[in-house]
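Working notes for the structure below.
Every read-out reported here was derived from the displayed coordinates using simple, explicitly stated rules and does not represent laboratory data. As the structure is a computational prediction, the values presented were derived from the model and not from experiment. As a convention, Cβ positions derive from the backbone with ideal geometry for all residues, glycine included, and neighbour counts pool all protein chains shown.
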Amino acid sequence: MDIKSIFENNKNWIAEKLETSPTYFDNLGEGQSPEILYIGCSDSRVTAEELMGANPGEVFVHRNIANMFISIDLNAMSVVNYAVNYLEVKHVVVCGHYGCGGVKAAMMSKDLGILNPWLRNIRDVYRLHMEELNAIQDEEKKYDRLIELNVQEQCVNLIKTADIQKAFRERGLLVHGWVFDVHTGRLIDLKIDFKGILEHIMKIYRLD
């Protein structure tokens, strides 16, 4: 995209919005009340609002490489704290996507410098699910499955936090794991069995 064209596009976008709704920007200025916190990948092909058909103000978005939620990442923790405790979202979604470059990089035995500590968290997901993944002979299917399992583990990481646990107990907040298929445009609910996954370990992570 040509940088110069962005401001022209912006003018056209403003005109289109005002043509359909003269109070569009007045309404935006009144504040936000999203029901969903979306944690996704920074990949330029995956735009959160567009793939969900959401309008401005409907989804609170946090994106990083490979849609990670790491407890010592103060950026991600602050986003969750604000979305859950102040915006009082009803749903928290972790959305990965097939063809994720971050997950692909984590599958390689290669020194990637500053990316190493970030990708190590994805390699830890591989370690946790090594038996299942090593049984998959097709490399593309193994890659896709690691993407799905990475989403699952980031959801589990969310559920370990005090903010999520408190909101679940007090008002029924739900965590969801999705994958976006860049080849078809489909958004897939992984329907993760959190109760089954956490049944034997939640007593370790439960925060009263």
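Structural remarks
- Taking a straight line from the alpha carbon of residue 104, these lysines sit under 17 Å away, with near neighbours fewer than eight places off in the same chain left out: 141, 142.
- Nitroxide proxy distance, nm - points 7 Å out along Cα→Cβ at residue 75 and residue 15: 3.6
- MRE, 222 nm, helices only [DSSP H, n ≥ 4, -39500 (n - 2.57), over the chain, to nearest 500]: -14500 deg cm²/dmol
- Kirkwood-type hydrodynamic radius, the range 101-208: 15.5 Å, calculated from all non-identical alpha-carbon pairs.
- For the range 18-71, GluC sites (Glu not before Pro) are listed when DSSP marks them as loop and at most 16 other Cβ atoms sit within 10 Å of their Cβ; the list is 30, 35, 58.
- Cα-based reach from residue 110 at 17 Å (exclusive), listing aspartates and glutamates while leaving out same-chain residues under 8 positions away: 124
- Under 5 Å from the amide H of residue 93 lie the amide H atoms of 37, 38, 39, 176, each residue being 5 or more positions distant or on a separate chain, with H modelled from the backbone and absent for Pro and chain starts.
- Applying both filters, DSSP loop and at most 15 other Cβ atoms within 10 Å, to the trypsin sites (Lys or Arg not before Pro) of the range 163-208 gives 186, 191, 206.
- DSSP-loop chymotrypsin sites (Phe, Trp or Tyr not before Pro) across the range 1-95, with at most 16 other Cβ within 10 angstrom: 86
- Its convex hull of Cα atoms gives the chain a direction-averaged projected area, equal to a quarter of the hull surface, of 14.5 nm².
- Under a Gaussian network description of the chain, with springs only between Cα atoms under 10 Å, the residue in 76, 54, 162 that fluctuates furthest is 54.
- Max mean-square fluctuation residue, GNM over the chain, Cα-Cα springs under 10 Å, options 14, 70, 197: 14
- Relative contact order (%) - criterion: Cα under 8 Å, at least six apart; region: the chain: 20
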